[in-house]
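S.K.: This is the structure I have questions about; it appears just below.
The values are calculated or read from the model by the stated rules, or taken from the named source; none is laboratory data. Since the model is a prediction, treat every value here as computed from it, not as a measurement. Positions of Cβ are generated from backbone atoms using ideal geometry, with glycine treated the same way; all protein chains shown enter the neighbour counts. Ligands, DNA and RNA are excluded from the accessible area calculation, which covers all protein heavy atoms including side chains. Shrake-Rupley method; radii C 1.70, N 1.55, O 1.52, S 1.80 Å.
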Amino acid sequence: MIHLGKITWENYSICAVGLKLNEKQQTFLGNNELSLVQAYVSSANDEYPWMPFAIYSDDTVIGFTMIFYKPENNELSKESCYVICRFMIADEYQGKGYGREALMKIIEKIKSFPSGEAPAVYLSFKHENIVAKNLFLSIGFAETGEDDEEGCALAKLIL
């Protein structure tokens, strides 16, 4: 069963450096260790800190995600929103349906409004990452037709 877990001393190393993508996918995602550092700095400095989670299948860490909340009148939307800024399933666990189930758990977490209510979720993906694009669109995300500051396709899900 897929579930999200807090980052702890027990899973930190696995999330930071132990989860690997295949060589072709390495350019698709940011570095998990850097993401955890960003979350730490955010927790000490931001009103709405970034929220990192280990993605588990039963007791095994199989992936990593990070979300954050943006209050109204931000660069994405006039309304408040959540952003899935990191989402990855390690190479050895791909192709088994874990990505879809994990994404649904992330959306479920967002719908609990941990930092405040919001009508939408945004994420972005590299244009050439067709597998991720197909997964996101199949769950209900729609491309906005815009790119983020890194040139990645921006997609939105209405909650």
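S.K.: Quote the relative contact order of the chain in percent (integer), defining contacts as alpha-carbon pairs under 8 Å separated by 6+ residues. Please list the in-between numbers first.
M.R.: Working: 258 pairs, mean separation 31.1, N = 159.
Relative contact order, the chain: 20 percent.
S.K.: Say each of Glu146 and Lys126 gets a label point 7 Å from the Cα, pointing the same way as Cα to Cβ; how far apart are those two points in nm?
M.R.: Result: 2.4 nm between the two label points.
S.K.: Determine the order of His127, His3 by accessible area, beginning with the largest, at a probe radius of 1.4 Å.
M.R.: Numbers: His127 90, His3 65 Å².
I get His127, His3, largest accessible area first.
S.K.: Would you tell me the accessible area of Tyr98, worked out with a 1.4 angstrom probe on the heavy atoms of the protein chains, in Å² to the nearest 10?
M.R.: Approximately 60 Å² of Tyr98 is accessible to the 1.4 Å probe.
S.K.: Which value, in Å² and to the nearest 10, is the accessible area of Phe28 when all protein chains are kept and the probe is 1.4 Å?
M.R.: Estimated to the nearest 10 Å², Phe28 gives 50 Å².
S.K.: Grab the other residues whose beta carbon is less than 14 angstrom from that of Ser77, score K and R as +1, D and E as -1, and report the net.
M.R.: Details: positive: Lys70, Lys78, Lys156; negative: Glu72, Glu75, Glu79, Glu117, Glu146, Asp148.
Within the 14 Å Cβ shell, the charges total -3.
S.K.: Okay, moving on. Structure shown: which of Lys20/Lys96; Lys24/Lys126; Lys24/Lys156; Lys24/Lys111; Lys70/Lys133; Lys24/Lys133 lie over 21 Å apart, alpha-carbon to alpha-carbon? Walk me through the intermediate numbers first.
M.R.: Details: Lys20/Lys96 16 Å; Lys24/Lys126 12 Å; Lys24/Lys156 26 Å; Lys24/Lys111 33 Å; Lys70/Lys133 23 Å; Lys24/Lys133 16 Å.
Going by Cα-Cα distance, Lys24/Lys156; Lys24/Lys111; Lys70/Lys133 fall outside the 21 Å limit.
S.K.: Which value in deg cm²/dmol, rounded to the nearest 500, describes the helix-derived mean residue ellipticity at 222 nm for the chain, given -39,500 (n - 2.57) per DSSP H run of n ≥ 4 and division by the residue count? Kindly include the intermediate steps, with their values, before the conclusion.
M.R.: Numbers: 3 runs with 38 residues, N = 159.
Helix contribution divided over all residues of the chain: -7500 deg cm²/dmol.
S.K.: How much of the accessible area of the range 66-138, probe 1.4 Å, is carbon plus sulfur, in whole percent? List each step's numbers first, then the result.
M.R.: Numbers: 1770 of 3770 Å².
Roughly 47 percent, rounded to a whole number.
S.K.: Please compute the length gained on full extension between Leu159 and Met1, using 0.36 nm multiplied by the number of residues separating them and subtracting their Cα-Cα distance. Mind dumping the intermediate values first?
M.R.: Details: separation 158, 0.36 × 158 = 56.88 nm, distance 2.36 nm.
Full extension of this stretch gives 54.5 nm more.
S.K.: Just the number, please: Stokes-Einstein D of the range 21-88 in µm²/s, Kirkwood Rh from C-alpha pairs, 4 °C, 1.567 mPa s.
M.R.: Details: Rh = 13.3 Å.
Value of D from the Cα-based Kirkwood radius: 97 µm²/s.
S.K.: Among the complete DSSP H segments of the chain, which ones combine at least 15 Å of alpha-carbon extent along their axis with a mean Kyte-Doolittle hydropathy of 0.0 or more?
M.R.: Values: long enough: 32-45 (20 Å, 0.14); 98-111 (19 Å, -0.28).
Membrane-span-like by this criterion, though nothing is claimed about a membrane: 32-45.
S.K.: Assuming R0 = 22 Å, can you tell me the calculated FRET efficiency for the pair Thr27 and Leu137, based on Cβ-Cβ distance, to the nearest 0.05?
M.R.: Working: r = 21 Å, r/R0 = 0.95.
Between Thr27 and Leu137 the formula returns 0.55.
S.K.: At 7 Å along Cα-to-Cβ for each site, give me the label-to-label distance between Asp91 and Tyr40 in nm.
M.R.: Computed distance between label sites Asp91 and Tyr40 equals 2.7 nm.
S.K.: Need the C-alpha centroid separation for the range 47-69 versus the range 99-154, integer Å.
M.R.: Answer, in whole Å: 14.
S.K.: Turning to a different aspect of this structure: With a cut-off of 8 Å between alpha carbons and a minimum separation of six or more residues, what is the relative contact order of the range 1-82 in percent? If you can, show how the numbers build up before the last one.
M.R.: Values: 105 pairs, mean separation 24.7, N = 82.
So the answer I get is 30 percent.
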